Amino acid sequence: MALGPRGAPVYPRLAAPTRYLRVRSDQPPGVASHRPGARTLATTMSEIEYRHNFPLDPLDIVRVFDASGITRPTADLPRIARMFAAPSLVISAWQNGRLVGVSRSLTDYSYCCYLSDLAVDKAVQGRGVGRELIDRTRAIIGDEVSLILLSAPGAMSYYPAVGFQQADNAFVIRRKR
């Protein structure tokens with residue numbers, strides 16, 4: 001994979017402007033370009049479509065966060081907008097044109113990736129959407145990159161079930177608000 005000036009992966013552009021690339025769910029994710037700087041990973045899995053670094057409306061993000069049960073500052077719309085203004089990697093899940101899941105990560109694409117948000121609307125939880133968001137993140141960052149996250153207390157049993165190992169050697173300085 002080619003690397004850009006900051007070491008981030010550079011994805012090839014498709015010859016024709018294509019908004020979505022649909023593949024069977026048993027095939028590796030495809031890459032399609034829908035505007036400069038953003039890529040769409042799309043596949044159909046029980047009517048769920050996945051997009052890579054697709055621009056998201058902060059109101060849609062707030063709706064998914066609230067519908068998923070994740071605790072985020074959803075009453076502070078400008079803060080949510082800032083959270084998604086410059087992440088390294090966002091994978092979104094869509095059902096019939098509606099955002100139903102999102103993962104947001106910060107990564108250097110060479111050593112570590114911090115999965116800072118993983119949220120799936122409760123209406124589609126249990127259908128593998130969260131696992132697919134994680135799998136697509138892992139496929140993009142590759143085998144040389146550790147995927148790290150801080151779990152919400154209510155999700156501690158979920159992450160081992162999708163391949164994470166609990167770490168005993170982590171430290172955090174908590175935000176004040």
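Here are some notes:
- Residue among VAL100, VAL124 that is in contact (Cβ under 8 Å) with a residue 60 or more places away in the chain, in contact with a strand residue (DSSP E or B) (Cβ under 9 Å, 6 or more places away or on another chain) and more than 15 Å from ARG138 (Cβ to Cβ): VAL124
- The stretch 94-134, subset surrounded by 14 or more Cβ atoms within 10 Å (Cβ to Cβ) and aromatic (Phe, Trp, Tyr), residue nearest to MET156 (Cα to Cα): TYR114
- When restricted to residues that are among the polar types (S, T, N, Q) and either within 15 Å of ARG131 (Cα to Cα) or touching an Asp or Glu at 6+ places or on another chain (Cβ under 6 Å) (or both), the stretch 142-164 contains 2.
- Scanning the stretch 45-95 for residues that are assigned to a loop (DSSP other than H, G, I, E, B), charged (D, E, K, R) and under 27 Å from ASP108 (Cα atoms) yields ASP57, ARG72.
Each reported figure results from applying straightforward, stated rules to the coordinates on display, with no laboratory input. It should be emphasised that the depicted structure is a prediction, and the values quoted were computed from it without experimental measurement. Here Cβ is always computed from backbone atoms with ideal geometry, including for glycine, and neighbour counts include all displayed protein chains.
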